[in-house]
Amino acid sequence: MERGRVREKTASKPIYWSAVCLNGSNFVMAVTDVGLGYLQFQKSNAEEGVDVEAWQAFTQWARKMGHPSDWMQHEDKLKPYMQQVDEYLRGERTTFTLPLDLQGTDFQQAVWKTLHDIGHGETVSYSQVAQTLDKSSAVRAVGTAIGANPVLIVVPCHRVVGKNGALTGYRGGLANKERLLRLERGSE
């Protein structure tokens with residue numbers, strides 16, 4: 001992967017995480033010593049901690065990455081990643097140079113790599129992603145892989161829309177998907 005690295009599951013490693021607020025949006029973010037592994041929106045204000053739904057999603061991801069004893073709340077480790085995402089949300093960045101530490105099946109990894117190739121401000125359909133992978137009949141599987149993306153924004157699944165151009169599912173919520181697309185088109 002050009003802008004990051006996708007990895008197969010390996011032995012447990014430290015996970016540094018925190019609830020963060022970036023340009024008015026609240027997230028749960030986590031990194032390993034390799035790179036950014038998790039970035040998801042959450043409903044709670046970051047100063048109040050992590051909401052139940054966001055915590056459940058984070059722990060489901062984190063258990064795949066390592067043992068709970070290896071999870072450490074450590075915002076300082078997140079700072080370089082926070083800076084780039086914040087710059088993006090302020091409209092000052094169109095690409096990311098963050099190292100990634102993504103875990104997934106070979107198919108998920110192929111889908112996530114394809115998402116990296118969608119340009120800033122552009123959208124493609126789920127069908128187009130499937131065609132890019134030479135898997136035209138796998139549109140539903142593509143949707144499932146996109147839904148499993150652990151690093152929203154940086155792996156830009158918000159740029160995938162329905163065949164008719166309509167906004168469709170987004171783990172971060174359709175309002176956030178719409179906001180990100182408007183930001184990228186310069187209308188935010």
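Each reported figure results from applying straightforward, stated rules to the coordinates on display, with no laboratory input. All values derive from a computational prediction rather than experimental measurement. Because the Cβ atoms are built from the backbone with ideal geometry, glycine has one as well, and the counts that use them run over all protein chains shown.
The figures follow:
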{"quantity": "Sum of -39500 (n - 2.57) over DSSP H runs of 4+, divided by residues of the chain (222 nm, nearest 500)", "calculated": "-11000 deg cm²/dmol"}
{"quantity": "Taking region 1-124 and dividing mean pair separation by its residue count, relative contact order in percent (alpha carbons under 8 Å, at least six apart)", "calculated": "35 percent"}
{"quantity": "Residue among PRO156, PRO14, PRO68 with the largest mean-square fluctuation in a Gaussian network model of the chain, springs linking Cα atoms under 10 Å", "calculated": "PRO68"}
{"quantity": "Top of ILE118, ILE146, ILE15 by mean-square fluctuation, Gaussian network on the chain, Cα under 10 Å", "calculated": "ILE118"}
{"quantity": "Antiparallel bridge percentage (DSSP; both residues within the chain; nearest 5)", "calculated": "55 percent"}
{"quantity": "Descending semi-axes in Å of region 15-90, equivalent ellipsoid built from Cα gyration tensor", "calculated": "19, 15, 10"}
{"quantity": "Spatially close lysines, pair count over the chain: Cα under 26 Å, gap of eight or more or interchain", "calculated": "25"}
{"quantity": "Region 159-188: trypsin sites (Lys or Arg not before Pro) in DSSP loop, at most 12 other beta carbons within 10 Å", "calculated": "LYS163, ARG185"}
{"quantity": "Most mobile of VAL52, VAL139, VAL160 in a GNM of the chain (Cα contacts under 10 Å)", "calculated": "VAL52"}
